[in-house]
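To keep things clear, I will list the structure first and then write my remarks on it.
The values are calculated or read from the model by the stated rules, or taken from the named source; none is laboratory data. This structure is a prediction, so every number in the text was calculated from the model and none was measured. Ideal geometry is used to build each Cβ from the backbone, glycine not excepted, and the neighbour counts take in all protein chains shown.
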Amino acid sequence: RNTYKIAVIAGDGIGQETVPEGLKVLSAAARLFDIGLDFEEHDFASCDYYARHGEMMPGDWKSRIIDSDAIFFGAVGWPDTVPDHVSLWGSLLKFRREFDQYANLRPVRLMPGVPCPLAGKSPGDIDFWVVRENTEGEYSSIGGKIFEGTDRETVMQETVMTRQGVDRILRYAFEIAERTERKTLTSATKSNGISITMPYWDERVLEMAKSFPDIAVDKYHIDILTALFVLKPERFNVVVASNLFGDILSDLGPACTGTIGIAPSGNINPTRTFPSLFEPVHGSAPDIAGQGIANPVGQIWCGAMMLDHLGHPEAASAVVAAIESVLSDPERRTSDLGGEADTRGCGDAVLEALEKHVSQNPRNAA
Ligand code: NAD
Ligand code: IPM
Ligand code: MN
């Protein structure tokens, strides 16, 4: 039996409500599939921690989680008390960089029985991956402010693309495309307007494509690509994009499947030198925090991605099957999907569906 050490960071807002549901389902999966999961909860990387300590994380944060097998993360951000760039650069963005989690993997899937906001689409029509570059690009701290306080006040911030950084995310995305049936990949840029970095990305895509002759490659400017996400989502299989464009596409994609509340993500360090981090795509949702109504499915699906990453795809598929069964039922899904359940009720329903699924498909279970 394998035992894994999991660092748990719930963070702010609805992270405090969704993480317990994720842990509940993970614990059940661990029991049913005989996987050892040791959860170690941390209170840092939250704006509450900041209020108490004047910083988002303790000086030794890294040594406290670096030997974890994975990080299970909720959400960070409480802009009423800490400016977002302070809380996020002091936590999540630090993890991504310090642990070299250069691939942000974000599935977009219309689940059976979920009302789709796009007319005439059924589940198989929206089923793709957004692969987002996660450590460089538009998210750089290179820049500054000059002539402050004068009428010439100027701010600037550079986009950074390194050959290594671009090539490794492209290779990662092409490799995913290779494992899919459709063998297509879409690259997002804006090389008509942004004339140095974006054409560079295009150039590297062409170069990388030579190593993957069986993958058909499409490229679009980000503006029309967002339109196509809404109009022709069936066109996409693997969509690879820079840090900022990937961020935008990975809220738009899930919104097209009904809610951002179900969308998971893996911040992956593919070399496995450092722990990878699993967190929902959504944030701390201050507008609904504390009400117990947040959709826990994004968080629970993160648990499935984490199980898969740890080498337990059978447990991961069982959790996803449980999620599918719950989402198809208005009584068991949350109000963002027009359902009647609250956060805990939905989490309980996934847990129950998981137990049922495993008892009906005992082949891979413990
Ligand atoms: P958000 O994702 O928190 O919320 C956007 C909207 O979606 C809100 O109306 C919210 O109620 C709704 N929503 C989000 N998750 C939901 C869920 N699980 N169930 C039901 N409804 C849900 O985005 P925002 O409002 O732009 O950001 C709020 C805070 O979260 C900010 O501080 C922001 O920086 C931070 N943030 C953090 C992360 C992260 O930790 N990965 C991601 C995005 C935003
Ligand atoms: C995400 C979030 C973060 C990002 C924010 C909170 C910094 O939006 O994980 O998608 O932009 O990467
Ligand atoms: Mn985002």
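Exactly one residue out of E98, E41, E21 is of a type in the set (D, E) and within 16 Å of ligand 2 (Cβ to nearest atom), and it is E98.
For the stretch 16-52, residues that are surrounded by 15 or more Cβ atoms within 10 Å (Cβ to Cβ) and under 17 Å from F95 (Cα atoms) total 7. Checking F236, F278 one by one, the residue that is within 16 Å of the chain's Cα centre (by Cα) and among the aromatic types (F, W, Y) is F278 and no other. Scanning the stretch 233-286 for residues that are among the acidic types (D, E) and away from ligand 3 (no atom under 16 Å from the Cβ) yields a single hit, E234.
Yes or no: D329 touching a residue at least 24 places away in the same chain (Cβ under 8 Å), outside any helix (DSSP H, G or I) and of a type in the set (D, E)? Answer is yes for this residue.
Taking the condition in the same structural domain as P79 (by TED's automatic domain parsing) and surrounded by 17 or more Cβ atoms within 10 Å (Cβ to Cβ), does F245 pass? Answer is no for this residue. For E55, the conditions (1) farther than 30 Å from K232 by Cα; (2) surrounded by 18 or more Cβ atoms within 10 Å (Cβ to Cβ) are fulfilled apart from (2).
Listed by first and then second residue, the pairs with beta-carbon distance under 7 Å, at least 6 apart or on different chains, first residue in the stretch 236-256 and in contact (Cβ under 8 Å) with a residue 60 or more places away in the chain, second assigned to a helix (DSSP H, G or I) and within 16 Å of ligand 1 (Cβ to nearest atom), are V239/L249; A241/L249; P254/I260; P254/I262. For the stretch 287-319, the tally of residues that are surrounded by fewer than 24 Cβ atoms within 10 Å (Cβ to Cβ) and away from ligand 2 (no atom under 16 Å from the Cβ) stands at 14. Only one entry in S317, S276, S284, S265 is modelled with pLDDT of 95 or more, polar (S, T, N, Q) and more than 16 Å from ligand 1 (Cβ to nearest atom), namely S317.
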